[in-house]
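One structure is given below, encoded as structure tokens.
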Amino acid sequence: MIYSMTAFARVETKKEWGSAVWEIRSVNQRFLETYFRLPEQFRSLEPVLRERFRKKLARGKVECALRFTANDAAVTKLSLNEELAKQVLHAADWVQSHGQSTGVNPLDVLRWPGVIAAEEADMDAIHADVMAAFDHALNDFISARATEGEALKGMITQRLDAIEVEAEKVAARMPEIMVWQREKVQTRFEEAKVELDAGRFEQEMIMLAQKVDVAEELDRL
């Protein structure tokens, strides 16, 4: 299988916590180089991502980006400390019973430090969902490289076949070319009225044959 070093893949996942979009692209590079653009809360995943690329790829400059959009209603949950709220209300009642008007507002109770707290969603579960989406994106990316590689293979094969045809044409005409060159040189000698003995003329022909001989180049093709 021939794999191209240029490809692109995009995968989006949506869960109760929000959405995440992975984008992976690559260009030609002699060695494997990976670059990441990750939100701060996902920086810890970079070594894992780098290792997964290393296991699947050998070459290419790869850029990997993650866009994360949190569903605030799902990611952050409010937790009420009922016991502390009761203590705050009890203290307010005590103050009022001693002739001091407190005018306690329920929102003031909720604002009391520790009465209500924001509980973050389970980031481990979010990381697991995001990494599952990354694996999907990586598989799509490799498939894209394979598809483009097959297209490149077809183009290269087509050109190699064309080169082979032309090389065979040249090889077939080499004896004809050698005769034409011999006659051409002999005509020039005659036009210049230069007389060469048969031995000298054959030496010149041998040197000419060596210069125009392309058998080695055809073999390399």
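Quick look at the values:
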| item | result |
| --- | --- |
| Lys169-Ala209 FRET efficiency (beta carbon distance; Förster radius 25 Å; 0.05 resolution) | 0.80 |
| Nearby lysines by direct alpha-carbon distance to Lys153 (threshold 26 angstrom, same-chain neighbours under 8 apart not counted) | Lys55, Lys56, Lys61, Lys169 |
| Separation in nanometres of the label points that stand 7 Å from Cα toward Cβ, at Ile177 and Ala198 | 2.9 |
| Amide H within-cut-off set for Asp213, under 5 Å, with H built and near neighbours excluded | none |
| Spin-label proximity, Met155 to region 42-68 - amide N less than 12 Å from point 7 Å beyond Cα toward beta carbon | none |
| Share of carbon and sulfur in the accessible heavy-atom surface of region 165-221 [1.4 Å probe, %] | 53 |
| Accessible area per residue in Å² at 1.4 Å probe, computed on region 112-221 | 72 |
| Probe 1.4 Å - accessible area at Ser26, Å² to nearest ten | 10 |
| Full-extension gain in nm, Gln186 to Glu51, via 0.36 nm per residue minus C-alpha separation | 41.5 nm |
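The values are calculated or read from the model by the stated rules, or taken from the named source; none is laboratory data. Because the structure is a prediction, the values reported are computed rather than measured. With ideal geometry, Cβ positions are generated from the backbone for all residues, glycine too; neighbour counts draw on all protein chains shown. With ligands, DNA and RNA removed, areas are computed over all heavy atoms of the protein, side chains included. Shrake-Rupley method; radii C 1.70, N 1.55, O 1.52, S 1.80 Å.
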